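Novice: Structure incoming, see below.
The values are calculated or read from the model by the stated rules, or taken from the named source; none is laboratory data. From a predicted model like this one, the values you see are computed outputs, not experimental measurements. Note: ideal-geometry Cβ built from the backbone for every residue, glycine included; neighbour counts use all protein chains shown. Each accessible area value is taken on the protein alone, full model and side chains, heavy atoms only, with ligands, DNA and RNA left out. Shrake-Rupley method; radii C 1.70, N 1.55, O 1.52, S 1.80 Å.
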Amino acid sequence: MKRKAIAAILLSAVLLSACSKPDATTPTTLAETETPATTAAETTEATTEDTEATEATEASEKAAAPAVRLDKTVDDVIQVILNATGDEYFVFADDADMWQATIKNSEGIVDYKTCGYISRLEGDDMIDGYNTIYIVFEVYELDMDSEQYKHVCENGELTISRGEDSFTKKHAFVNGQFVLIACGALCNDDEFHYGTDPQELEPPYTIGKVQEGYDAFIALK
């Protein structure tokens, strides 16, 4: 039943003063002129404006700060995810050469690799005739000077080209030059092609140890 609950969750996923005027008859020297008292309201307003200006400046500086490139490879990132998720996760080594070429021909993508786990369903646990659940971590290395990289940083979306067509993967997360997307799908047995289109999952994750893998990726330095 635990697998059935996990499968159901996966399928449902697939599926912001004025100063007093001096007496005109009394000469007033600079030394005798009093500085107008500042009211509490004026002080609060000035403080608020200063705070907002400081926050705006800090936000601007943060946005302008260049992303830090990590001294790691895609394989290194995959291993960190595997260490965090445990023995049930493994590297998917059966990615078709054609699919790999498609990925790497997409604008800005330098390298790509996946890991994840497969859960078998039997009998009443099967969903719409499918007996297998795939949970997949997709790790992409991007050219940090590319428009694709800038787009992912700003919008959390990665675009994959397929010939003249393209499609967008959402819930893409960036750390250094790497992008992580967690997704899941249903299929039958060991078929290479998914029975259902892979659905990008959104944190906080509740399936398997996807959250642990995501946390490990975000913590990479």
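Novice: Which pairs turn up if I take residues in segment 177-196 that are over 30 Å from LYS72 (Cβ atoms) and look for partners that are open to solvent by less than 10 Å² (accessible area, probe 1.4 Å) and at pLDDT 90 or above with beta carbon separation below 8 Å, at least 6 apart in sequence or on another chain?
Specialist: That search, which allows pairs on different chains as well, returns nothing.
Novice: Can you run down the residue pairs with Cβ atoms below 9 Å, 6 or more apart or on separate chains, where the first is in segment 204-217 and outside any helix (DSSP H, G or I) and the partner is surrounded by fewer than 19 Cβ atoms within 10 Å (Cβ to Cβ) and among the charged types (D, E, K, R)?
Specialist: TYR205/GLU212; GLY208/GLU88; LYS209/GLU88
Novice: Just to be sure before I move on: is CYS183 open to solvent by less than 20 Å² (accessible area, probe 1.4 Å), more than 28 Å from VAL68 (Cα to Cα) and either within 20 Å of the chain's Cα centre (by Cα) or of a type outside the set (Phe, Trp, Tyr) (or both) in the structure I sent?
Specialist: no
Novice: Looking at (1) modelled with pLDDT of 90 or more; (2) assigned to a helix (DSSP H, G or I), find the lone condition where GLU61 falls short.
Specialist: Checking GLU61 against (1) modelled with pLDDT of 90 or more; (2) assigned to a helix (DSSP H, G or I), the one that fails is (1).
Novice: Counting just the residues of segment 120-165 that are among the basic types (Lys, Arg) and more than 17 Å from the chain's Cα centre (by Cα), which one comes out most open to solvent (accessible area, probe 1.4 Å)?
Specialist: Ranking the qualifying residues of segment 120-165, first place goes to ARG162.
Novice: Could you please give the count of residues in segment 186-208 that are at pLDDT 80 or above, open to solvent by 20 Å² or more (accessible area, probe 1.4 Å) and not polar (S, T, N, Q)?
Specialist: 6
Novice: Next question. State all residues of segment 81-104 that are surrounded by fewer than 17 Cβ atoms within 10 Å (Cβ to Cβ) and either of a type in the set (A, V, I, L, M) or modelled with pLDDT under 75 (or both); if no residue qualifies, say none.
Specialist: VAL91, ALA93, ASP94, ASP95, ALA96, ASP97, MET98, TRP99, GLN100, ALA101, THR102, LYS104
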